[in-house]
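The values are calculated or read from the model by the stated rules, or taken from the named source; none is laboratory data. Keep in mind that this is a model prediction, so the values were computed, not measured. Positions of Cβ are generated from backbone atoms using ideal geometry, with glycine treated the same way; all protein chains shown enter the neighbour counts.
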Amino acid sequence: MFDLTGKNALITGASGGIGGEIAKSLHAAGATVGLSGTRVEPLEALAAELGDRVHVLPCNLSDSAAVDALPKQAVEAMGSVDILVNNAGITRDQIFMRMSDEEWSDVINVNLTSTMRLCKGVIRGMMKSRWGRIVNVSSIVGATGNPGQANYAASKAGMVGMSKSIAYEVASRGITVNCIAPGFIATAMTEKLTDDQKEKINSQIPAGRMGTPEEIAAAALYLSSDQAAYVTGTTLHVNGGMAML
Amino acid sequence: MSDVADRVRKIVVEHLGVEEDKVVEGASFIDDLGADSLDTVELVMAFEEEFGIEIPDDAAETIQTFGDATKFISEAA
């Protein structure tokens, strides 16, 4: 249904469960994908799985020089960046009263500031081609808050406000900027939970289960498509009804 | 100088869709030629490409009129 043939997409955090699945679905729709992440091995493995139309672009998002270089490397490899998916993120959970400046700034730098820098780095090319899609992966906790995650929630809520502002500025140039806010998604991270913990989580979700990375990827594919040209500045909540916003 | 002015004028006319005789020395892109702030960013991008120069953000902010643009580019190119 969604055809991304001829489009070049840069995906950060592609070594993770959700990012990898987003890369797969954009690739399956015909896009050339640039896989970025800190760990090279899983990126190479994913690239081998996808075959052609793939570039591996390792980048440590806590290194601001590397972040600034990434859009240029992506353009060198693919010719342009038409779709940017800012999916990478870190957590440094800590109750607020004990949260250090470092735990705060690490999370804000990687999740919010690097997203800002990457948006800035790709938008010039998108302005020229009068077409662009930016998809920022936020989180349900950016809207609801979560104990122990003041830093993470702030970074994810910051993403939403920033995306809306950029969306305003560039809408007339055929560029859309949207967020996806996943709820609980089953990844390697949630596999570590005990059955008891999982049950407790599932009981808070009207759908009665965690979401899958594929269900986030489907949202990213839609927001990257031509069909979503009139959708901008919005946040698509994919959370099984856990928070109906 | 006149060559620079002609090339700059051509870009402005094409980009903003204004009459050529409106693009005079003191014409302000925003106040006289109907540009919005994003248009001015795009004009600077187009100037950079046409003349093979780099216009840093702080310099770009000083380019408000057609005359500002030709003057800056003549000095930079």
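Please work out which residue is surrounded by the fewest Cβ atoms within 10 Å (Cβ to Cβ), limiting yourself to segment A:223-245 and to residues that are in contact with a helix residue (DSSP H, G or I) (Cβ under 7 Å, 6 or more places away or on another chain) and of a type in the set (A, V, I, L, M, F, W, C).
Restricting to residues being in contact with a helix residue (DSSP H, G or I) (Cβ under 7 Å, 6 or more places away or on another chain) and of a type in the set (A, V, I, L, M, F, W, C), the top hit is A:Leu245.
In segment A:72-91, what count of residues is obtained for those that are under 12 Å from A:Val122 (Cβ atoms) and among the charged types (D, E, K, R)?
The total comes to 2.
For residues that are over 22 Å from A:Arg130 (Cα atoms) and assigned to a strand (DSSP E or B), tally how many sit in segment A:1-28.
Counting residues in segment A:1-28 that are over 22 Å from A:Arg130 (Cα atoms) and assigned to a strand (DSSP E or B) gives 0.
Consider A:Met189 carefully, then state whether it is among the aliphatic types (A, V, I, L, M), over 30 Å from A:Met126 (Cβ atoms) and surrounded by fewer than 16 Cβ atoms within 10 Å (Cβ to Cβ).
For A:Met189, the condition - among the aliphatic types (A, V, I, L, M), over 30 Å from A:Met126 (Cβ atoms) and surrounded by fewer than 16 Cβ atoms within 10 Å (Cβ to Cβ) - is met.
Let me spell it out: the conditions are (1) under 16 Å from the mean Cα position of the chain (by Cα); (2) assigned to a helix (DSSP H, G or I), and A:Asn136 meets all of them except one. Which number is the exception?
A:Asn136 satisfies every listed condition except (2).
Here are some residues: A:Ala88, A:Ala77. Which one is touching a residue at least 12 places away in the same chain (Cβ under 8 Å) and surrounded by 22 or more Cβ atoms within 10 Å (Cβ to Cβ)? Explain how you work it out, then say what you get.
Working: A:Ala77 fails: surrounded by 22 or more Cβ atoms within 10 Å (Cβ to Cβ).
It is A:Ala88.
Which residues, taken from segment B:29-77, are in contact (Cβ under 8 Å) with a residue 40 or more places away in the chain and under 17 Å from B:Asp3 (Cβ atoms)?
Matches in segment B:29-77: B:Glu50, B:Phe51, B:Phe66, B:Gly67, B:Ala69, B:Thr70, B:Ile73, B:Ser74, B:Ala77.
Being within 14 Å of chain A (Cβ to nearest Cβ), surrounded by fewer than 17 Cβ atoms within 10 Å (Cβ to Cβ) and small (Gly, Ala, Ser) is the filter here; which residues of segment B:18-45 pass it?
Those that are within 14 Å of chain A (Cβ to nearest Cβ), surrounded by fewer than 17 Cβ atoms within 10 Å (Cβ to Cβ) and small (Gly, Ala, Ser): B:Gly34, B:Ser37.
For segment A:67-88, indicate whether the set of residues that are under 24 Å from A:Ala157 (Cβ atoms) and touching an Asp or Glu at 6+ places or on another chain (Cβ under 9 Å) is non-empty.
There is no residue in segment A:67-88 that is under 24 Å from A:Ala157 (Cβ atoms) and touching an Asp or Glu at 6+ places or on another chain (Cβ under 9 Å).
Do we find a residue being over 18 Å from A:Met189 (Cβ atoms), in contact with a strand residue (DSSP E or B) (Cβ under 6 Å, 6 or more places away or on another chain) and part of a helix (DSSP H, G or I) anywhere in segment A:29-38?
Initial filter on segment A:29-38 (over 18 Å from A:Met189 (Cβ atoms)): A:29-36.
After this cut, where a residue has to be in contact with a strand residue (DSSP E or B) (Cβ under 6 Å, 6 or more places away or on another chain) as well, the list is A:31-35.
Right, trim to part of a helix (DSSP H, G or I) and you get none.
The answer is no, given that none of the residues of segment A:29-38 is over 18 Å from A:Met189 (Cβ atoms), in contact with a strand residue (DSSP E or B) (Cβ under 6 Å, 6 or more places away or on another chain) and part of a helix (DSSP H, G or I).
Exactly one of (1) at pLDDT 95 or above; (2) in contact with a helix residue (DSSP H, G or I) (Cβ under 6 Å, 6 or more places away or on another chain); (3) surrounded by fewer than 19 Cβ atoms within 10 Å (Cβ to Cβ) is unmet by A:Pro71. Its number?
In the conditions (1) at pLDDT 95 or above; (2) in contact with a helix residue (DSSP H, G or I) (Cβ under 6 Å, 6 or more places away or on another chain); (3) surrounded by fewer than 19 Cβ atoms within 10 Å (Cβ to Cβ), A:Pro71 misses (3) alone.
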